[in-house]
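The values are calculated or read from the model by the stated rules, or taken from the named source; none is laboratory data. As the structure is a prediction and not an experimental result, all values here were calculated from the model. Don't worry about glycine lacking a Cβ; one is built from the backbone with ideal geometry, like all the others, and counts go over all protein chains shown. All accessible areas refer to the heavy atoms of the entire protein, side chains included, with ligands and DNA or RNA removed. Shrake-Rupley method; radii C 1.70, N 1.55, O 1.52, S 1.80 Å.
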Amino acid sequence: MEKVSVIIPTYNRSRQVVEAVKSVLAQSWQALEVIVIDDGSTDDTESALAPYLGRIRYVQKPNGGVSSARNRGIHEARGEKVAFLDSDDTWDPDKLRKQMECMARTGSKVCFCVSADESREAIDDLRIMDSGLEMGGERYYPPDDCRMFKFPRHPFLQSMVADRNALMKTGGFDESLRVAEDTRLIYQLILAHGYSVVNEILVGVCRDREGPGLSDTMDPESAFIRFQCYI
């Protein structure tokens, strides 16, 4: 059974990160390691996670942004597969199992599932990219399949499981980017390896945030960089 390294970057989200960690520890796929990268939090994150030490690896680093936090997690990872979870989001208990089984059946190196907000409304385009894919179904799309580029939103990073070696070959997240770092990495992966899909809501994304996240920004320069990454 392959191990999945789950990387959770966090910054000043002591209450939310505990729920994220609990949703990973509750996974039915038990061959995993949980790596929380604390990107210079000034709140009580360390004490909030203290009861879980031994079941998770807690790494503290100076504040450097979400890309540097995720890259540190990749460096720390020891699993054959890698998955990412934002510290205010959660997973369905069968998320990793269903994706790992899909990857084994299809031979894919990258796998996505459907993400939903608090109302359980899907917030990505996975379910409309392939009208022939039934609910709960799975499918592999080769690198020359361009359907993902015809829709305004790519899958959420929180829904992705990727082969660690494939991830390493991309060079990781571009730390010069304040936004769209996930866009660039996801497109690099699928253009090189294709991807598979589990057509089921397995990720809960929090829209009602108590404070800004590691990659939240509204300035025009960052918006332009995001546009360039999509192009």
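Inspect all residues belonging to the stretch 55-66 and state whether any of them is under 26 Å from CYS111 (Cβ atoms) and surrounded by 22 or more Cβ atoms within 10 Å (Cβ to Cβ). Yes, because at least one residue in the stretch 55-66 is under 26 Å from CYS111 (Cβ atoms) and surrounded by 22 or more Cβ atoms within 10 Å (Cβ to Cβ). Here the stretch 81-113 is the region considered, the condition is being of a type in the set (Ser, Thr, Tyr) and under 20 Å from GLN16 (Cα atoms), and the residue that is most open to solvent (accessible area, probe 1.4 Å) is THR90.
Within the stretch 67-80, the presence of a residue that is open to solvent by 20 Å² or more (accessible area, probe 1.4 Å), under 17 Å from SER14 (Cβ atoms), part of a loop (DSSP other than H, G, I, E, B) and not aliphatic (A, V, I, L, M) is excluded. For beta carbons closer than 6 Å, sequence separation of 6+ or different chains, a first residue in the stretch 22-35 that is of a type in the set (Ser, Thr, Tyr) and a second that is at pLDDT 95 or above and in a helix (DSSP H, G or I), the qualifying pairs are SER28/ARG97.
Among residues belonging to the stretch 136-151 that are open to solvent by 30 Å² or more (accessible area, probe 1.4 Å) and of a type in the set (Phe, Trp, Tyr), point out the one that is farthest from ARG78 (Cα to Cα). Break it down into steps so the answer makes sense when it comes.
Restricting attention to the stretch 136-151, the residues satisfying the condition of being open to solvent by 30 Å² or more (accessible area, probe 1.4 Å) are 136, 138-140, 142-147, 149-151.
If we keep only those that are of a type in the set (Phe, Trp, Tyr) as well, we get 140, 149, 151.
Details: TYR140: 26, PHE149: 32, PHE151: 34 Å.
So the residue we want is PHE151.
Within the stretch 26-44, the set of residues being farther than 16 Å from ASP89 by Cα and open to solvent by 40 Å² or more (accessible area, probe 1.4 Å) comprises SER28, GLN30, THR42, ASP43, ASP44.
To keep it simple, each residue is scored yes or no on (1) under 16 Å from the mean Cα position of the chain (by Cα); (2) open to solvent by 50 Å² or more (accessible area, probe 1.4 Å); (3) modelled with pLDDT of 90 or more; (4) on the phi > 0 side of the Ramachandran plot.
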{"residue": "SER115", "(1), (2), (3), (4)": "yes, no, yes, no"}
{"residue": "MET129", "(1), (2), (3), (4)": "no, no, no, no"}
{"residue": "GLU134", "(1), (2), (3), (4)": "no, yes, yes, no"}
{"residue": "ARG153", "(1), (2), (3), (4)": "yes, yes, no, no"}
{"residue": "SER159", "(1), (2), (3), (4)": "yes, no, yes, no"}
{"residue": "THR170", "(1), (2), (3), (4)": "yes, no, yes, no"}
{"residue": "ASP174", "(1), (2), (3), (4)": "yes, no, yes, no"}
{"residue": "ARG178", "(1), (2), (3), (4)": "no, yes, no, no"}
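Of all residues in the stretch 191-204, those satisfying the criterion of being hydrophobic (A, V, I, L, M, F, W, C) and open to solvent by 10 Å² or more (accessible area, probe 1.4 Å) are LEU191, ALA192, ILE201. The residue of the stretch 205-231 that is surrounded by the most Cβ atoms within 10 Å (Cβ to Cβ), among those that are modelled with pLDDT under 80 and within 16 Å of the chain's Cα centre (by Cα), is LEU214. Here SER23, SER47 are screened, and the one residue that is at pLDDT 95 or above, among the small types (Gly, Ala, Ser) and open to solvent by less than 70 Å² (accessible area, probe 1.4 Å) is SER23. The condition of being over 21 Å from VAL21 (Cβ atoms) and touching a residue at least 12 places away in the same chain (Cβ under 8 Å) holds for LEU126.
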